[in-house]
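Asks: Below is a structure I'd like to ask you about.
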Amino acid sequence: AEGGLDVTFIDTWKDHVDAMNTKGLKLVGVGGERVLKVKATSDIKSLSTFDVIIVQCKATDTKTATESAKHLFHKDTVAISFQNGLGNEDIMAEVLGSADQV
């Protein structure tokens, strides 16, 4: 979002989605502190495909999260697991039917 890319955050926690949409997303780190205006939703069914999808959830939720987002993938979508633990990429590849996307 900061670099001009079209970014949409998906979260099941409605209060968090509302806060991101109204207050923005606060980033703190080496690059300093800033607040970015972002789009967020908890209505995953209303979205269409994306070129890149970053999965960030607890490892125990990887399969469910990937299954619920499966319609967001097109044949060239790249999936990135941004999670702790082992085996998340394998779970995502199993759900998506292709290890080439993960």
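Asks: Does the stretch 83-101 contain at least one residue that is of a type outside the set (S, T, N, Q) and closer than 26 Å to Gly3 by Cα?
Replies: no
Asks: For the stretch 37-48, indicate whether the set of residues that are open to solvent by 60 Å² or more (accessible area, probe 1.4 Å), more than 22 Å from Leu5 (Cβ to Cβ) and small (Gly, Ala, Ser) is non-empty.
Replies: no
Asks: Taking the criterion of being open to solvent by less than 50 Å² (accessible area, probe 1.4 Å), free of Cβ contacts under 8 Å to residues at least 12 places away in the same chain and closer than 20 Å to Glu94 by Cα, would at least one residue in the stretch 57-68 satisfy it?
Replies: yes
Rundown of residues vs (1) over 13 Å from the mean Cα position of the chain (by Cα); (2) closer than 19 Å to Gln101 by Cα; (3) not hydroxyl-bearing (Ser, Thr, Tyr), yes/no style:
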| position | (1), (2), (3) |
| --- | --- |
| Met20 | yes, no, yes |
| Leu27 | yes, no, yes |
| Val30 | yes, no, yes |
| Ile53 | no, yes, yes |
| Thr62 | no, yes, no |
| Ser68 | no, yes, no |
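Asks: Does Leu47 qualify as being closer than 19 Å to Ala79 by Cβ and not β-branched (Val, Ile, Thr)?
Replies: For Leu47, the condition - closer than 19 Å to Ala79 by Cβ and not β-branched (Val, Ile, Thr) - is met.
Asks: Do we have Gln83 as open to solvent by 70 Å² or more (accessible area, probe 1.4 Å) and either in contact (Cβ under 8 Å) with a residue 40 or more places away in the chain or of a type outside the set (Val, Ile, Thr) (or both) here?
Replies: It is false that Gln83 is open to solvent by 70 Å² or more (accessible area, probe 1.4 Å) and either in contact (Cβ under 8 Å) with a residue 40 or more places away in the chain or of a type outside the set (Val, Ile, Thr) (or both).
Asks: Name every residue in the stretch 28-56 that is in a loop (DSSP other than H, G, I, E, B), aliphatic (A, V, I, L, M) and in contact (Cβ under 8 Å) with a residue 24 or more places away in the chain, in order of residue number.
Replies: Val38, Leu47 - these are the residues of the stretch 28-56 that are in a loop (DSSP other than H, G, I, E, B), aliphatic (A, V, I, L, M) and in contact (Cβ under 8 Å) with a residue 24 or more places away in the chain.
Asks: A further question on this structure: Could you check the stretch 1-36 and list, in sequence order, the residues that are open to solvent by less than 40 Å² (accessible area, probe 1.4 Å) and closer than 18 Å to Thr64 by Cα?
Replies: Scanning the stretch 1-36 gives a single hit, Asp11.
Asks: Read through the list (1) over 24 Å from Val95 (Cβ atoms); (2) in a loop (DSSP other than H, G, I, E, B); (3) not charged (D, E, K, R), then give the number of the only condition that Thr12 fails.
Replies: (1)
The values are calculated or read from the model by the stated rules, or taken from the named source; none is laboratory data. In this text the structure is predicted, and so the values were computed from the model without any measurement. Here Cβ is always computed from backbone atoms with ideal geometry, including for glycine, and neighbour counts include all displayed protein chains. Just the protein is used for accessible areas: all its heavy atoms, side chains included, with ligands, DNA and RNA removed. Shrake-Rupley method; radii C 1.70, N 1.55, O 1.52, S 1.80 Å.
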